[in-house]
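The values are calculated or read from the model by the stated rules, or taken from the named source; none is laboratory data. Quantities reported herein were computed from a predicted structural model and do not represent experimental measurements. Cβ: placed from backbone, ideal geometry, glycine included. Neighbour counts: every protein chain shown.
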Amino acid sequence: MEKLTAPKIEISIRTILVGIGAFFLLKFAWDMKDLLLSLFIAYIVMSAAKQPVDILARKGVSRKLAVLLVFTLFFVGVGLVFSSIIPPLVSETTLFIKHSPQIVENVRSALPINIGSFSLVEYIPNATNKFIVVLGSVFSNTSFFISTLFFSIYLTLDSNLLALALSRITSKEQKEKIIAIEIEIEKRLGKWLLGQAFLMSIIGVTTYIVLSLLGVRYALPLGIIAGLLEAIPNIGPFVAAIPAFFVGFSQYPFLGLFTILAAIGIQQFENQIVVPMVMRKMVGIHPILTLVVLIIGGRYAGVLGLLFAIPLTLVVGTIITEIRK
């Protein structure tokens, strides 16, 4: 009878070294996650700023002056918007926070069921609080904001940085391929950021107008919440509807019902008109894929995963598509 021998598994020294190198690379990336996040945000901002800068440069404006003009106009525009909405926003938000316990209590006592028994009702405020805390901790960090701003400006100024670096370590054909991939990534990320900003503005303004017409209190902060949460596709609009319903219902039950109907109407307006017109044409990600990557991003990276799942998917998808050409 022939003896059975166990198959030998041989692992080369090179495989071991590659594994060790990959481990330390991942550890380094994790340790430097704040820096990498700052660079990634800066790269997205650069992708959006590069097109107007290039247009000005082609018209004879020096690149440094073009970058200065684009970023200055952006900050002036943001400053004008915020200066006009901050006084009423602070006033309404202060009242909203002050009366929120009473609003919740009014809804609890008015509904014929104990809404506190549903975990979703407990989860949504917690999720919203975590979202606000994370955003606050990231963007209130002065060094993070300043470093991201400087990275954005530097990357926009020196847009051929990758080409110069690659010219020293790759062949001409490889360099051209990588540069083509980078150009396509920049185009898609720039379109995504501009489309996302437009979408958030449209939904925020629409929500504010509709809630104001319905007579719902605190329409301005609720509209801003709806606009900000639009950064999380599919999930954000649902979460944004909860505080609006609570406020409306606390005034009188039928207003709560009208608020939910208004939220559904705004969602349909977004899905049927705004998103096909803006995001799908500019980005081209299928809604099912969007939901899948959001679930994965939220599962493994929390709120930041939800925020950056789509741009990361764009980067990976573009690389795969361009390599297969």
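Just one of (1) at pLDDT 65 or above; (2) within 29 Å of residue 256 (Cα to Cα) fails for residue 119. It is (1). Restricting 61, 78 to those that are assigned to a loop (DSSP other than H, G, I, E, B), hydrophobic (A, V, I, L, M, F, W, C) and out of contact with any His (no Cβ under 8 Å at 6 or more places or on another chain) reduces the list to 61. For the stretch 249-270, a residue qualifies if it is crowded, with 16+ Cβ neighbours inside 10 Å, modelled with pLDDT under 85, within 30 Å of residue 102 (Cβ to Cβ) and not polar (S, T, N, Q), and the qualifying residues are 249, 256.
Condition check: touching a residue at least 24 places away in the same chain (Cβ under 8 Å) and among the basic types (Lys, Arg). Does residue 217 satisfy that?
So residue 217 fits the description; yes.
Residue 197 meets the conditions (1) modelled with pLDDT under 85; (2) under 14 Å from the mean Cα position of the chain (by Cα) in every case but one. The failed one is (1).
Among the residues here, residue 72 qualifies as surrounded by fewer than 11 Cβ atoms within 10 Å (Cβ to Cβ), of a type outside the set (Asp, Glu) and modelled with pLDDT of 80 or more. Output yes when any residue across the stretch 271-281 is at pLDDT 80 or above and in a helix (DSSP H, G or I), and no when none is. Among the residues of the stretch 271-281, not one is at pLDDT 80 or above and in a helix (DSSP H, G or I), which makes the answer no. Exactly one residue among 147, 152, 167 is at pLDDT 80 or above, part of a helix (DSSP H, G or I) and over 16 Å from residue 49 (Cα atoms), and that residue is 147.
For the stretch 34-63, the candidate set comprises residues that are among the basic types (Lys, Arg) and surrounded by 12 or more Cβ atoms within 10 Å (Cβ to Cβ); within that set, the residue that is nearest to the chain's Cα centre (by Cα) is 50.
Kindly establish whether residue 213 is loosely packed, with under 14 Cβ neighbours inside 10 Å and under 21 Å from residue 92 (Cβ atoms).
Answer is yes for this residue.
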